[in-house]
Amino acid sequence: MTVAARRTFLKGIGAAGVLGALAGCGVPAAYVDASDRAAKDLSGREKKLTFANWPLYIDTDDEDKTRRPTLDAFEKRTGIDVRYTEEINDNDEFFGKISPSLMNHQETGRDLVVISDWMCARFVRLGWVQEMDRSRQPNVAEHLDPILRTPHFDEGRRYSVPWQSGITGIAYNKRRLGREIRHVSDLWADDLKGRVTLLSGLDEAFALLMQGDGVDIGTWTGDDFHRMCDRLEKRVRGHHVRRFTGNDYIKDLASGDVLACQAYSGDVIQLQADDPDIAFVVPEEGAELWAESLMIPNLARHKANAERLIDHYYDPEVAAELAAWVNYVCPVPAARDVLASSKDKDLAALAEDPLVFPDDAMRRRLAIARDITSDERTEFARRWNSLVGL
């Protein structure tokens, strides 16, 4: 299971280009006013909901992979039947699948979805998701990690709640490299020429590279972006960067073909199980903290049921069970104490893993990036794709 299998890269100009083309053809604006987002909520009489998620992103029973213990517990406790689908394989693909319904004020057939925060930003800007009722979500109000509460696209998390989080940093092989990596600039050392890979996705890659240039990714500008690309272009032309990858970097790093790469924290935990010489570093300049978040689409028919399910996953006991299976940064810090008190040695050790529960020193170096706006996306995607070779 890899983050990269879920956090896919932007293809071409992606869904933003689709919306721009529609606007240019005289199609009515895609924005939906707040007064038109809610349908009659049938939660009171229909004890059900439909939940769309990514593959391999929820706990399963070791003996029966069709069972999902944390979800089964919710159904048993509430009597709400959850139709769980693993239909999201690509943010842009899923956007394309449900955008016709949303822009035409029609139901999507889904009460709850999980998408990457950079895509969540589009949904919020377009008015395609409903504000949540926190009175039904006391666990979210109490336990959501403070560092994740105020992303730039959704101050106060009124429309989104993190499902899982993660860090984009640097992975490297300590034994093969023979030294530590502490800075983004360490990737450009002469002995790493041709042995470095970067992520191919614009939204996944740009923040860490800007941080290496000393940029505050919460307030970055277009000039910052182009300056970063100018520097990277020279390294690409000089063959310092071996290639740009999706989840391929896992194989390259494990085989030794690559000595250092841009990587996701969740992937590295799994790599370390097979090779303890693989290290993950949050550079001194900082690294990006990202999330993939739960959202309730417009006209969802079971909004209250969806809100209850979200809150279920913010119970520290439930969050701990999910974290132990998926191994990403847990958005519920209180789950750490649950795992630490476990009699299971491996679970107790997970509570001390800073890639699941970042310690104070690491947290000070984590930042949430300002998202790329719809006005910026076409220009930046073209520049980035020319670098990456898409």
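The values are calculated or read from the model by the stated rules, or taken from the named source; none is laboratory data. What you see is a predicted model; the values in this text were computed from it and never measured. Cβ sites come from the backbone with ideal geometry, for glycine too, and all protein chains shown count toward neighbours. With ligands, DNA and RNA removed, areas are computed over all heavy atoms of the protein, side chains included. Shrake-Rupley method; radii C 1.70, N 1.55, O 1.52, S 1.80 Å.
Take peptides 125-132, 151-158 and line them up by average Cβ neighbours within 10 Å, highest first, as a rough protection proxy.
Numbers: 125-132: 20.0, 151-158: 16.6.
Descending mean neighbour count gives 125-132, 151-158.
Once you sort the root eigenvalues of the Cα gyration tensor of the chain as a ≥ b ≥ c, which label holds: rounded (a/c under 1.5), prolate (a/b larger than b/c) or oblate (the other case)? It comes out oblate by the Cα gyration axes. Think of a 1.4 Å ball rolled over the protein heavy atoms: the range 101-151 then has 36 Å² of accessible area per residue. In terms of distances greater than 29 angstrom between alpha carbons, the cross-link table entries Lys303/Lys343; Lys40/Lys97; Lys193/Lys345; Lys97/Lys234 yield Lys303/Lys343; Lys193/Lys345; Lys97/Lys234.
Under a model in which nothing but the beta-carbon of Lys, Arg (+1) and Asp, Glu (-1) is charged, the chain shows a dipole of about 680 debye around its Cα centre. Of the solvent-accessible surface of the chain, computed with a 1.4 Å probe over protein heavy atoms with every protein chain present, carbon and sulfur atoms account for 48 percent.
Rolling a 1.4 angstrom probe over the protein heavy atoms, how many square angstrom per residue are accessible across the range 155-302? Intermediate values should be presented prior to the final figure.
Working: 5200 Å² over 148 residues.
Ligands and nucleic acids excluded, the result is 35 Å² per residue.
Once you sort the root eigenvalues of the Cα gyration tensor of the range 141-210 as a ≥ b ≥ c, which label holds: rounded (a/c under 1.5), prolate (a/b larger than b/c) or oblate (the other case)? Because a/c hits 1.5 or more and a/b exceeds b/c, the range 141-210 counts as prolate. Taking all Cα pairs closer than 8 Å and separated by 6 or more residues, the relative contact order of the chain comes to 28 percent.
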